[in-house]
Amino acid sequence: MPVVRHQAECEEPHLESRARLRQHINKRLVISRFVKNDIASIAAVHDVMNGAPLPVPDLSSHDHPRPDHVNTRAASISSADVSTKQRVAIVGGGVIGCAIAFELTRRGVEVSVWERRTIGGGATHASAGILAPYIEAHEGGPLFDLTVRGLATYDVFVRAVREVTSAPFEFRRNGTIEVAEDDVRGRVLKSRSRDPVTRWLDAAELRTLEPSVNATAVGGVLCEEHGYVGVTGFVTALAEAASRQGCVFHNRGSVAAIRLDGRMCVLEFGPDRDEVTVDRVVLSTGTWARELDPLNELQERVRPIRGQLLQVRWPEQHIEHVLWGASCYIVPWLNGSILIGATSEDVGFDETATVGGIADLMTAASTLLPGIGVATFEAVRVGLRPATADHLPIIGASPLDPRVIYATGHFRNGVLLAPLTAQLVASLIVDGTSDPLLAATSITRYKNGA
């Protein structure tokens with residue numbers, strides 16, 4: 001931060017006495033907040049003041065920040081801010097990586113994001129963006145605790161993003177309905193209904209809320225807290241907001257390897273590009289994280305599961321809720337598009353769309369919504385979801401070297417858990433605090449037989 005010198009100060013001799021030093025500090029209210037009258041801690045500030053005058057930036061062509069904003073920022077700066085910022089490289093520019101980049105830059109960290117494709121071009125672009133912990137983790141346990149808290153963070157996180165950027169994206173708490181196509185599924189859904197968060201709908205109530213659902217359905221479970229976010233727009237907004245806060249994105253920045261060298265983390269790119277050194281590295285490359293892990297802790301821990309997602313257009317039929325059948329889910333967008341998902345195929349790193357996958361999705365969708373056959377095709381998306389054996393993500397610092405932080409293995413819940421993951425990782429890096437939730441997501445759980 002430049003020090004502004006008054007002309008009278010430049011003409012006065014610089015005295016080395018403590019009294020004169022304190023006089024200099026008191027003339028600069030912002031700096032006095034840093035040092036809190038501790039003379040021993042401000043020798044470096046004294047040296048800067050006694051050096052050559054620093055240039056004063058010309059702000060005449062820029063919007064001046066509001067005084068209350070400046071005062072808030074000055075009051076919030078700690079002595080750590082005047083030291084060199086941490087440099088963090090995030091390898092992987094999907095929804096997880098972009099959310100972490102946004103949260104870290106909010107907290108003053110120097111961040112770069114390296115993505116071998118376009119931003120959000122991996123598993124993220126094949127996500128429907130459903131926010132539904134009471135469906136995805138209805139069995140309870142650590143995943144339920146994680147996803148419920150993930151949903152609880154969304155509203156505040158989205159507001160924070162929208163305060164930085166006006167990039168549009170859909171975010172709706174329009175609720176979900178798990179549809180019971182027959183009595184057998186009806187009994188299953190009733191057994192896991194959670195009052196007062198969810199409630200059972202009989203057949204008449206279901207058809208009142210969603211008349212396009214198959215008339216043979218016997219009922220459903222409504223959860224009004226659930227919803228969805230438009231993933232492509234959301235990731236674009238996250239990247240733009242992080243960029244405005246200082247993050248540097250490297251599209252098609254393919255990292256060949258990561259090396260730990262002394263106290264630094266080194267990103268290697270091959271013979272035609274210089275290496276990049278940072279203080280810490282976050283691995284958020286999904287199923288490819290194990291290929292870049294310099295500590296080899298992710299080997300055999302994360303595997304790819306192919307998901308095919310179908311996008312159709314059916315503007316004539318209004319669907320209000322996210323619908324969940326026995327074999328598919330339906331996400332209605334405001335523009336008349338509908339997402340139908342998703343397959344779950346253990347086929348390795350094959351990202352090919354298949355006729356069989358699309359046919360299965362259309363069959364399941366037609367069973368749930370008989371009239372959807374008139375919809376028109378818009379797109380087929382395919383992504384490899386990073387899955388773990390216990391379906392919990394791997395989030396947290398490596399126990400072998402805390403410079404390496406994992407943020408992968410989110411499987412079907414990457415979008416739902418992105419804001420929470422960002423907050424957990426940012427607190428770990430910036431504050432050194434480890435949230436109790438990290439006990440369930442740490443890679444150390446595998447040493448205990450998980």
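The values are calculated or read from the model by the stated rules, or taken from the named source; none is laboratory data. Not measured: the values here are computed from a predicted model. FYI the Cβ positions are ideal-geometry reconstructions off the backbone, even for glycines, and counts take in every protein chain you see.
One residue alone among 319, 338 is more than 18 Å from residue 387 (Cβ to Cβ) and not in a loop (DSSP other than H, G, I, E, B), and that residue is 338.
State whether one or more residues within segment 100-115 are surrounded by fewer than 17 Cβ atoms within 10 Å (Cβ to Cβ), at pLDDT 95 or above and among the basic types (Lys, Arg). Yes. Within segment 167-174, one or more residues are modelled with pLDDT of 95 or more, farther than 21 Å from residue 330 by Cα and of a type outside the set (S, T, N, Q). Only one of the numbered conditions (1) in a loop (DSSP other than H, G, I, E, B); (2) in the same structural domain as residue 394 (by TED's automatic domain parsing); (3) within 24 Å of the chain's Cα centre (by Cα) is not met by residue 281, and that is (1).
Annotation for segment 342-357: no member residue is closer than 25 Å to residue 170 by Cα and surrounded by fewer than 21 Cβ atoms within 10 Å (Cβ to Cβ).
Tally time: how many residues in segment 295-314 are in a loop (DSSP other than H, G, I, E, B) and touching a Ser or Thr at 6+ places or on another chain (Cβ under 9 Å)? Here the count works out to 6.
So that you can scan it fast, the table gives a plain yes or no per residue for (1) buried (at least 19 other Cβ atoms within 10 Å of the Cβ); (2) without any contact (Cβ under 8 Å) to a residue 60 or more places away in the chain:
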| position | (1), (2) |
| --- | --- |
| 163 | no, yes |
| 171 | yes, no |
| 186 | yes, yes |
| 194 | no, no |
| 207 | no, yes |
| 226 | yes, no |
| 260 | no, no |
| 269 | no, yes |
| 273 | no, yes |
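The set of residues from segment 187-206 being more than 18 Å from residue 151 (Cβ to Cβ) and either outside the structural domain of residue 219 (by TED's automatic domain parsing) or within 35 Å of the chain's Cα centre (by Cα) (or both) comprises 188, 189, 190, 191, 200, 201, 206. For residue 260, are the conditions met, namely being outside any loop (DSSP other than H, G, I, E, B) and farther than 21 Å from residue 98 by Cβ? Yes; evaluated as a whole, the condition is true for this residue. Residue 265 fulfils the conditions (1) in a helix (DSSP H, G or I); (2) touching a residue at least 60 places away in the same chain (Cβ under 8 Å) except for a single criterion, (1). Only one of the numbered conditions (1) surrounded by fewer than 19 Cβ atoms within 10 Å (Cβ to Cβ); (2) in contact with a strand residue (DSSP E or B) (Cβ under 9 Å, 6 or more places away or on another chain); (3) touching a residue at least 40 places away in the same chain (Cβ under 8 Å); (4) not in a loop (DSSP other than H, G, I, E, B) is not met by residue 232, and that is (2). Restricting 431, 435 to those that are of a type in the set (Asp, Glu), at pLDDT below 95, on the phi < 0 side of the Ramachandran plot and loosely packed, with under 14 Cβ neighbours inside 10 Å reduces the list to 431. Would you confirm, using the coordinates I've provided, whether residue 408 is in the same structural domain as residue 239 (by TED's automatic domain parsing), touching a Lys or Arg at 6+ places or on another chain (Cβ under 9 Å) and hydroxyl-bearing (Ser, Thr, Tyr)? So residue 408 fits the description; yes. Considering only residues in segment 294-331 that are of a type in the set (A, V, I, L, M, F, W, C) and within 15 Å of residue 177 (Cα to Cα), the one that is surrounded by the most Cβ atoms within 10 Å (Cβ to Cβ) turns out to be 330. Could you tell me whether segment 367-389 includes any residue that is at pLDDT 95 or above, in contact with a Cys (Cβ under 9 Å, 6 or more places away or on another chain), surrounded by fewer than 21 Cβ atoms within 10 Å (Cβ to Cβ) and outside the structural domain of residue 263 (by TED's automatic domain parsing)? Yes, there is a match, as at least one residue in segment 367-389 is at pLDDT 95 or above, in contact with a Cys (Cβ under 9 Å, 6 or more places away or on another chain), surrounded by fewer than 21 Cβ atoms within 10 Å (Cβ to Cβ) and outside the structural domain of residue 263 (by TED's automatic domain parsing). Filtering segment 286-304 to residues that are among the aliphatic types (A, V, I, L, M) and touching a helix residue (DSSP H, G or I) at 6+ places or on another chain (Cβ under 7 Å) leaves 298, 302.
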